[in-house]
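Since the structure comes first, as structure tokens, the remarks are kept for the end.
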Amino acid sequence: MTERAPVRQLRVLHLEDSDLDHELMLAQLRRAGLAVQARRVESRAEYEGELGGDWDLVLSDYNLPGFSGLQALELLRASGRDLPFILVSGEIGEDTAVEAMRNGASDYLLKSNLVRLAPAMEHAIAAADTRRARHSAAAELQASRQRLAELARHLQTSVEQERSAIAREIHDDVGGSLTALKFELAWIARHAGSDAVRVRAQSALDTVSHAIEASQRIMHNLRPAILEQGLVAALQWMASRYERRTGIECRLQTSHDALQLPAGVPLVAYRTAQEALTNVSKHAQARRVRLDLLCTPAMLSLEVGDDGRGFGARERAKAGSFGLRGLAERAATVGGWIDVSSTPQGTTLLLTVPLAPEPQHPQAPPVAGDERHDPSGWGSL
């Protein structure tokens, strides 16, 4: 013989000024097979005092001495409790019933038709359980997203710290050694007794010079020291260097000659432009690229647009494609976001970062000099 599941005992707060009606309600619920533990209150003070209890449902009469069922519903909502609320009355108009449902009542019944009370209570409690479960799942999802965002920020910070450490090692160890080697080879070339030795020494000097340039380029990609002169100067240098290296026309337009930005924002903007230009050179088949930097007291925006072949949603969502997703995560570390639009006539990437509502104070402009100079270098070699 199958064992019957235990009946759940429902805890009901009953706002009712008639003890007889209260007993009739309990009798109806027992006939329906529900196990109910009910507490009857009839005044506003008693009702408010009991709202903090462990209740499954609130039943309320509509007409009470100096009090109404709609007021009871308002008090329940004001308390922050997510409890089902069923309005039961001897006589209730359609307008009142509609207003009660609009204000959050689960159901309304007439005392002359209590046969519907048990199923109405079960339905209201099930709906409330579902709603709470949905809210709990949404809260857990939001918490999970928050933890992932914090992890992304931590990873971005860790990556930049590691890049900076590697760049310092390249500068101090590799750079210093290559520079010393270049001086030694230059000495050998000057003091060589035969033309063959001088030719070989000069060839070695050229090789070392290429290695120094490569080291400088790697170091700059790891740690953009040009940012110490400001974001505008860094983007100007990046655009001119990109145009020389790729042959793609690259122009920067900016609303300011120099900016003072919150910590982290210049690096995010710089890395965004760097990644966008890299994608253009790899995939876009473009002839021209533009960088538009706009800054107001409330917002910084960086737009990178090209006249290339564009790409579709399928290319953007393909497995293993993390470029745009990585940029979005990086932007989120400073509260910003990335928007991308692409057509067969070109692609536009827009970085937007909200800023603190305070006026921007321009820094001193960078020292003028040869724009071909790499500020991440070791100086004259």
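Here are the numbers for this structure:
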{"quantity": "Strands (runs of 3 or more DSSP E) (entirely within the stretch 224-313) containing at least 1 residues that are within 26 Å of the chain's Cα centre (by Cα)", "calculated": "288-295, 299-306"}
{"quantity": "Residue match in the stretch 75-82 (condition: touching a strand residue (DSSP E or B) at 6+ places or on another chain (Cβ under 8 Å) and either touching a residue at least 12 places away in the same chain (Cβ under 8 Å) or closer than 20 Å to Glu16 by Cβ (or both))", "calculated": "yes"}
{"quantity": "Every pair of residues 6+ apart whose Cβ atoms lie under 7 Å, when the first sits in the stretch 119-137 and is touching a residue at least 24 places away in the same chain (Cβ under 8 Å) while the second is surrounded by 11 or more Cβ atoms within 10 Å (Cβ to Cβ) and among the β-branched types (Val, Ile, Thr)", "calculated": "Ala120/Ile86; Met121/Ile86; Ala124/Ile86"}
{"quantity": "Close pairs (8 angstrom Cβ cut-off, 6 or more residues apart or separate chains): within 19 Å of Thr272 (Cα to Cα) in the stretch 151-172, not in a helix (DSSP H, G or I) anywhere", "calculated": "Ala152/Thr333; Arg153/Thr333; Gln156/Thr333; Thr157/Thr333; Arg163/Arg223; Ser164/Arg223"}
{"quantity": "Checking Asn221 against (1) of a type in the set (S, T, N, Q); (2) under 32 Å from the mean Cα position of the chain (by Cα); (3) assigned to a helix (DSSP H, G or I); (4) buried (at least 17 other Cβ atoms within 10 Å of the Cβ), the condition it does not meet", "calculated": "(4)"}
{"quantity": "Unique match (being at positive phi and touching a helix residue (DSSP H, G or I) at 6+ places or on another chain (Cβ under 9 Å)) among Gly52, Gly80, Gly104", "calculated": "Gly104"}
{"quantity": "Options Ser321, Ser301, Ser341; residue that is at pLDDT 90 or above, among the hydroxyl-bearing types (Ser, Thr, Tyr) and out of contact with any Leu (no Cβ under 6 Å at 6 or more places or on another chain)", "calculated": "Ser341"}
{"quantity": "Checklist (1) part of a helix (DSSP H, G or I); (2) under 21 Å from Gln274 (Cα atoms) applied to Arg200, failing item", "calculated": "(2)"}
{"quantity": "Qualifying position, being touching a His at 6+ places or on another chain (Cβ under 6 Å), of a type outside the set (D, E, K, R) and surrounded by fewer than 20 Cβ atoms within 10 Å (Cβ to Cβ), among Gln274, Gln260, Gln285", "calculated": "Gln260"}
{"quantity": "Residue list for the stretch 247-261, restricted to those being over 15 Å from Ala273 (Cα atoms) and hydroxyl-bearing (Ser, Thr, Tyr)", "calculated": "Ser255"}
{"quantity": "Odd one out for Ser144 among (1) of a type in the set (Ser, Thr, Tyr); (2) without any contact (Cβ under 8 Å) to a residue 24 or more places away in the chain; (3) more than 21 Å from Gly326 (Cα to Cα)", "calculated": "(3)"}
{"quantity": "Candidate set from the stretch 108-137 (those that are of a type in the set (D, E, K, R) and either in contact with an Asp or Glu (Cβ under 8 Å, 6 or more places away or on another chain) or at positive phi (or both)); member that is modelled with the lowest pLDDT", "calculated": "Lys111"}
{"quantity": "Boolean, Ala211 is out of contact with any Ser or Thr (no Cβ under 9 Å at 6 or more places or on another chain) and in the same structural domain as Tyr270 (by TED's automatic domain parsing)", "calculated": "no"}
{"quantity": "Residues of the stretch 66-76 that turn out to be surrounded by fewer than 14 Cβ atoms within 10 Å (Cβ to Cβ) and assigned to a helix (DSSP H, G or I), as a count", "calculated": "1"}
{"quantity": "Filter result (closer than 25 Å to Val268 by Cα and polar (S, T, N, Q)) within the stretch 125-171", "calculated": "Gln142, Ser144, Gln146, Gln156, Thr157, Ser158, Gln161, Ser164"}
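The values are calculated or read from the model by the stated rules, or taken from the named source; none is laboratory data. Note that this is a predicted model, so its numbers are computed, not measured. Here Cβ is always computed from backbone atoms with ideal geometry, including for glycine, and neighbour counts include all displayed protein chains.
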